[in-house]
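These notes concern the structure reproduced below.
The values are calculated or read from the model by the stated rules, or taken from the named source; none is laboratory data. It should be emphasised that the depicted structure is a prediction, and the values quoted were computed from it without experimental measurement. Cβ placement follows ideal geometry from the backbone for every residue including glycine, while neighbour counts extend to all protein chains displayed.
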């Protein structure tokens with residue numbers, strides 16, 4: 001009888017222990033795998049700034065739909081995540097479990113952002129566009145445009161810094177720093193200047209930098225890709241004959257006023273190495289970030305004997321091309337008369 005009682009007690013205790021173990025196991029499993037993120041947004045992203053610690057991550061997660069912070073903290077501690085916080089942009093999905101969330105954050109498996117820039121005239125303008133998408137501050141990006149020691153790593157100077165940027169759409173991680181952004185753009189620049197383009201540049205007699213500088217002038221001359229090849233040919237003819245380019249965009253650049261329609265005597269007499277009315281050859285650096293179309297227009301310029309071009313008086317954006325100064329002056333007078341009729345004096 002006593003043996004039977006003992007056996008019953010042992011069985012009961014064993015059953016209780018098994019039940020407790022099952023219960024503990026269930027709650028542990030539930031804490032790890034149950035749904036713990038609630039979000040209605042299809043594109044819900046968690047942005048973890050550089051330098052954030054685990055406490056900051058928890059606060060951000062609560063703001064972005066984390067339901068049970070206690071279970072998240074417990075599982076995160078067991079998976080050693082508090083000591084492995086990684087900055088970045090992470091996609092949160094509805095009904096995400098703790099283990100899914102922690103594995104993603106701990107591995108740094110973030111979603112890149114798309115950075116697009118074009119029609120850029122200044123480093124500050126570029127920095128503003130980039131900083132609106134990346135974590136990097138615009139002032140940090142702008143600062144590097146004047147940092148000679150940093151630019152020297154890429155064989156650039158403050159005058160030539162804009163030449164390393166090729167307008168396009170790029171995928172980068174959100175927490176890319178200002179320095180990392182420059183490094184990425186330099187790699188894209190090298191990729192852009194492939195063997196084909198480099199050989200074409202040699203055939204023009206210009207370096208890739210000189211091609212970019214001339215392309216920046218053409219970029220400011222016209223929006224019509226169909227005319228860029230011809231305009232590039234005009235400038236190539238003037239360079240070969242050592243005739244000043246006399247490019248209106250460089251006068252606007254020197255004046256610091258891109259709205260100028262009429263280039264007056266005071267503008268073409270402004271002292272500056274960028275003033276192509278006063279100096280022959282190319283300016284010391286690009287006056288904007290030229291489009292790929294403008295760069296390729298220089299590489300594939302049309303060979304002709306034009307030395308001049310002038311905007312058409314119908315303001316269509318098209319140009320008259322001339323071989324002689326006399327013919328050019330006739331077109332220029334027509335254009336000036338139309339400006340006078342419209343009372344456009346600047």
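Taking the options 94, 68, name whichever one is out of contact with any helix residue (DSSP H, G or I) (no Cβ under 9 Å at 6 or more places or on another chain) and modelled with pLDDT under 95.
Testing whether each residue is out of contact with any helix residue (DSSP H, G or I) (no Cβ under 9 Å at 6 or more places or on another chain) and modelled with pLDDT under 95 leaves just 94.
Return yes when residue 243 is in contact (Cβ under 8 Å) with a residue 40 or more places away in the chain and closer than 18 Å to residue 216 by Cβ and no when it is not.
Considered against the rule, which asks whether it is in contact (Cβ under 8 Å) with a residue 40 or more places away in the chain and closer than 18 Å to residue 216 by Cβ, residue 243 comes out as no.
Could you tell me whether any residue of region 166-173 is outside the structural domain of residue 50 (by TED's automatic domain parsing), closer than 17 Å to residue 111 by Cα and without any contact (Cβ under 8 Å) to a residue 12 or more places away in the chain?
No - not one qualifying residue is present in region 166-173.
Looking only at region 136-152, count how many residues are over 25 Å from residue 214 (Cβ atoms) and not in a helix (DSSP H, G or I).
Of the residues in region 136-152, 3 are over 25 Å from residue 214 (Cβ atoms) and not in a helix (DSSP H, G or I).
Every residue in region 74-99 that is in a helix (DSSP H, G or I) and over 29 Å from residue 134 (Cβ atoms), please.
The answer is 74, 75, 77, 78, 98, 99.
Out of 133, 116, which single residue is in contact with a strand residue (DSSP E or B) (Cβ under 7 Å, 6 or more places away or on another chain) and in a strand (DSSP E or B)?
Criteria check complete, one pass: 116.
Would you call residue 243 assigned to a helix (DSSP H, G or I) and either in contact with a strand residue (DSSP E or B) (Cβ under 8 Å, 6 or more places away or on another chain) or modelled with pLDDT of 95 or more (or both)?
no
Taking residue 181 and the conditions (1) out of contact with any strand residue (DSSP E or B) (no Cβ under 8 Å at 6 or more places or on another chain); (2) part of a helix (DSSP H, G or I); (3) surrounded by 15 or more Cβ atoms within 10 Å (Cβ to Cβ); (4) free of Cβ contacts under 8 Å to residues at least 60 places away in the same chain, which numbered condition does it fall short on, given that it satisfies the others?
It is condition (1) that residue 181 fails.
It is to be established whether one or more residues within region 63-73 are in a loop (DSSP other than H, G, I, E, B), surrounded by fewer than 16 Cβ atoms within 10 Å (Cβ to Cβ) and at positive phi.
Checked against the condition, which is being in a loop (DSSP other than H, G, I, E, B), surrounded by fewer than 16 Cβ atoms within 10 Å (Cβ to Cβ) and at positive phi, region 63-73 yields no hits at all.
Could you tell me which numbered condition residue 280 fails, if it satisfies all but one of (1) at pLDDT 95 or above; (2) closer than 26 Å to residue 306 by Cβ; (3) touching a helix residue (DSSP H, G or I) at 6+ places or on another chain (Cβ under 8 Å)?
If we test residue 280 against (1) at pLDDT 95 or above; (2) closer than 26 Å to residue 306 by Cβ; (3) touching a helix residue (DSSP H, G or I) at 6+ places or on another chain (Cβ under 8 Å), just (3) comes out false.
Could you list, ordered by first residue, the pairs with Cβ atoms under 6 Å in which the first is in region 289-315 and in contact (Cβ under 8 Å) with a residue 60 or more places away in the chain and in the same structural domain as residue 237 (by TED's automatic domain parsing) and the second is surrounded by fewer than 16 Cβ atoms within 10 Å (Cβ to Cβ) and assigned to a loop (DSSP other than H, G, I, E, B), at least 6 apart or interchain?
305/323; 306/323
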